[in-house]
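Below is one structure, written out as structure tokens; comments come after it.
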Amino acid sequence: MRGVDMKYKTLILCYQDHLAVLSVNRPDKLNALNNQVLDEMNQALDEIEANPQWRVLLISGGGDRAFVAGADIGELRDLNARSGKKAAEKGQKLFRRLEKSHLFTIAAINGYALGGGLELALACDVRVAADHAVLGLPEVGLGIIPGYGGTQRLPRRIGRGHAMMMLATGTKIQAAQAVQIGLVNLAVPRDQLMQVCQSIATEVSKNGPLAVAAAKRALDQGLSTSLDEGLAIEAREFGKLCSSADRTEGMTAFLEKRAPEFTGR
Ligand code: COA
């Protein structure tokens, strides 16, 4: 790892090969998302997205207990109807930005992923949990509902039945159960979490960056429209890639029996 960026107070950002690693770093508060974390995550995304070298973003939590244990309840307590709506919109905007980013995003869930923490993970492309991780949307127990996209993304990821059960009971589930219901892609021993995530990042980074970004767009846009419109989106994306230098390089490399050298053009 290199390039640890000290300009953030609540995040640690470092880089390796094609990978940016962002840790929410308030371990004494189990990495709860306060306003400063949300602002700094926006700044960090500006920085990472501006450099095409970074293709994969891995998000994790500082310390060894939590990924993120939710939005900061100390800040939530003072909200009223107007400021509450604005606060929800602020978190939603950030997570939607993350979801639509050209970066391929991996949530490395290294402990509690509760409330806004699970919502953050849900906005990532894949979720890998350490086997001690605990996941849930316990907001109803605080008299509120998830406000950073949880009521919308959870049923899209795991279906209405499982989502409603989690939302209405506020139950916290273990990593193994999260795998069973499709909430996370896989659960791994905690000492292997970063290594597994890095190897996924390496696999993704070997592929054409335009192609990975197009696959992500086609998948996400297609999920929120009809099959016919989704197929039209796929055909448009496929056509665009057919005129890319990466397509030429990928196929030439295959025929020449060598690894491709993609340039993202
Ligand atoms: N917001 C603000 N602070 C939080 C927090 C959150 N979402 N989650 C944890 N913390 C803080 C605690 O207040 C505590 O701070 P303190 O040491 O200054 O008192 C510190 O993090 C450690 O948490 P603690 O509750 O003492 O640890 P625990 O091991 O007993 O319990 C949890 C761990 C995750 C079960 C518990 O912290 C919890 O339920 N957190 C809230 C989860 C939640 O409801 N999230 C949704 C919010 S919308």
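The values are calculated or read from the model by the stated rules, or taken from the named source; none is laboratory data. What you are looking at is a predicted structure, and each value in this text was computed from that prediction instead of being measured. Cβ: placed from backbone, ideal geometry, glycine included. Neighbour counts: every protein chain shown.
In the stretch 144-158, the residues that are of a type in the set (K, R) form Cβ pairs under 8 Å with partners that are surrounded by fewer than 18 Cβ atoms within 10 Å (Cβ to Cβ) and in a loop (DSSP other than H, G, I, E, B), at six or more places apart or across chains, as follows: R157/G182.
Condition first: closer than 30 Å to R55 by Cβ, assigned by TED's automatic domain parsing to the domain that holds G61, touching a residue at least 12 places away in the same chain (Cβ under 8 Å) and of a type in the set (G, A, S). Can you find one or more residues in the stretch 131-140 that meet it? Yes.
Scanning the stretch 178-213 for residues that are surrounded by fewer than 16 Cβ atoms within 10 Å (Cβ to Cβ) and part of a helix (DSSP H, G or I) yields Q180, D191, Q192, Q195, S199, T202, E203.
Within the option set G61, G70, being closer than 23 Å to Q195 by Cβ, modelled with pLDDT of 95 or more and assigned by TED's automatic domain parsing to the domain that holds S23 holds for one residue only, G61. Residue-level check: of (1) within 11 Å of the ligand (Cβ to nearest atom); (2) buried (at least 16 other Cβ atoms within 10 Å of the Cβ), L142 misses just (2). Selection of first residues in the stretch 222-246 that are outside the structural domain of K100 (by TED's automatic domain parsing) and under 25 Å from T263 (Cβ atoms) and of second residues that are at pLDDT below 95 and hydrophobic (A, V, I, L, M, F, W, C), restricted to Cβ pairs under 8 Å at least 6 apart or on distinct chains, gives an empty result.
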